[in-house]
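Presented below is the structure to which this report refers.
The values are calculated or read from the model by the stated rules, or taken from the named source; none is laboratory data. Everything numeric in this text was worked out from a predicted model, so none of it was measured. So basically every Cβ, Gly included, is an ideal-geometry build from the backbone, and we count neighbours across all protein chains shown. When the accessible area is computed, the model is the full protein with side chains, heavy atoms only, and any ligands, DNA or RNA have been set aside. Shrake-Rupley method; radii C 1.70, N 1.55, O 1.52, S 1.80 Å.
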Amino acid sequence: MPGPRLTAEEENGRLDLGKHGNLHLGIDLGGSKIEIIAIDANGAEVWRKRIPAPRTDYGQSLDAIESLVRECESRIGPADSIGIGIPGSLSLTSGRVRNAYSTPLLGQRFAEDIETRLGRGVTIANDADCFALSEALDGAAAGAETVFGVILGTGVGGGFVVGGRLLRGANAIAGEWGHNPLPWPRPVELPGPPCSCGQPGHIESWLSGTGFAASYVRAGASALDAPQIIERMRAGDLIARSCFDDYIDRLARSLATIINTVDPHVIVLGGGMSNVPEIYPRVPLQWRPYVYSDDVKTRLMPAHHGDSSGVRGAAWIAL
């Protein structure tokens, strides 16, 4: 997606920084796209651009990020901070990227390499953490004391925000709920399909968009992607309806364990599967039998900032 059309003021030079105050860059490094955004201290968007992500070449990923930062700062002037959201996280022991399966980042010293390229410090965070922070600060969960942000995309991730601050944890893996076994499994769900990490039956292998599509094939249907299956379900396809009913039940069980453990005020969903509106009235009804409370006040909401929430959160992370 190209950046916004320049105003006459921008065409004549850099933006007038006095109108915006300090500016902060956020970069979302995804599997299919790289997005950059510049926001001011109030969260107002100043500039944005999205490009396809190199899928296999690490050097090209560094080139793309460096090019986006240079272009952005040529338009707006020097930024005060830069935050980057990535799949996986940085190992506290080695400094290398871990848990970023099927991406060129895995095993790389990404923080060091990109800071060398840009000649300055950069804040690196998990992409789901960025999403959660964005929605907690000025998104769907703004004002809530405790927030769990969920990514239901090609993978399944999460992040906790408490009192407006990101909870990272002792091992910097807080919120990685997708790599736990599916709770309260049915006999037909054991041992479960393999996860991207290699373990069987993880939540991610059931609740990711690819996991949902795989369940449709296992039910005897032709291979389709998740949006196509949802369309089939709405058109009356009985197999698609059954697979979606199972998806709702598995999502409800999985989120119930989060409520029982952390008891968030708001759970916000992002990623491709979060765009299915049928999820929001049904899951809270189905998580009730699994939640250890006589009443469940946790709210389930779609992301306010949509698929741009992660990049906004990356900018907030740097603050």
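Observations on the model:
- The DSSP beta bridges internal to the chain are antiparallel in roughly 60% of cases.
- In units of the rule-of-thumb radius 2.2 N^0.38 Å, segment 65-112 shows an alpha carbon radius of gyration of 1.39.
- Label reach from Trp184 (point 7 Å along Cα→C-beta): in segment 217-254, amide nitrogens under 12 Å belong to 249-254.
- For the pair Glu71 and Asn171, a Förster radius of 35 Å applied to the C-beta separation gives a FRET efficiency near 0.45, rounded to the nearest 0.05.
- Prolate/oblate/rounded call for segment 146-205, Cα gyration tensor, a/c under 1.5 rounded: prolate
- Overall form of segment 37-152 per C-alpha gyration tensor (a/c, 1.5; a/b vs b/c): oblate
- Note that segment 58-75 has calculated 3J(HN,Hα) couplings of 5, x, 5, 5, 4, 4, 5, 5, 4, 4, 5, 5, 4, 5, 4, 6, 5, 8 Hz, one per residue in order, obtained from phi through the Karplus relation 6.51 cos²θ - 1.76 cosθ + 1.60 (θ = phi - 60°); glycine and proline are x.
- For segment 154-245, the calculated P(r), taken from all Cα-Cα distances in 10 Å bins from zero up to the bin holding the longest distance, is 16, 38, 29, 13, 3 percent.
- Asn22/Gln228 FRET efficiency (R0 35 Å; Cβ-Cβ; nearest 0.05): 0.20
- Accessible area of Tyr58 in the full protein assembly, 1.4 Å probe (Å², nearest 10): 30
- Spread of Cα-to-Cα distances over 20 Å intervals beginning at zero, given as percent, for the chain: 32, 55, 12, 0
- Cα→Cβ-extended label distance, 7 Å offset, between Asn42 and Arg241, nm: 5.0
- Segment 261-314, Cα convex hull volume normalised per residue, Å³: 95
- The chain, helix-only ellipticity at 222 nm - DSSP H runs n ≥ 4, -39,500 (n - 2.57), divided by all residues, nearest 500: -10500 deg cm²/dmol
- Relative to the dominant Cα principal axis of the chain, helix 309-318 is inclined by about 50°.
- A simple spin-label model places pseudo-atoms 7 Å from Cα toward Cβ; at Asp80 and Asp263 they are separated by 3.7 nm.
- Inter-label distance, nm, simple model (7 Å from Cα along the C-beta direction), Arg55/Arg120: 3.3
- FRET efficiency for the pair Ser32 and Asp295, taken as 1/(1 + (r/R0)^6) with r the Cβ-Cβ distance and R0 = 51 Å, rounds to 0.80.
- With every protein chain in place, the chain: carbon and sulfur % of accessible area (1.4 Å): 51
- Beta bridges assigned by DSSP with both partners in segment 50-192 are antiparallel in approximately 75 percent of cases.
- Proximal charge balance of Asn180 [Cβ under 15 Å; K/R count +1, D/E count -1]: -1
- In segment 160-319, Rg over Rh equals 0.96, where Rg is the alpha-carbon radius of gyration and Rh the Kirkwood radius from pairwise Cα distances.
- Compactness of segment 222-270 as Cα Rg over 2.2 N^0.38 Å, two decimals: 1.45
- Given their separation in residues at 0.36 nm each and the Cα-Cα distance between them, Tyr101 and Gln199 gain 34.0 nm when the chain is fully extended.
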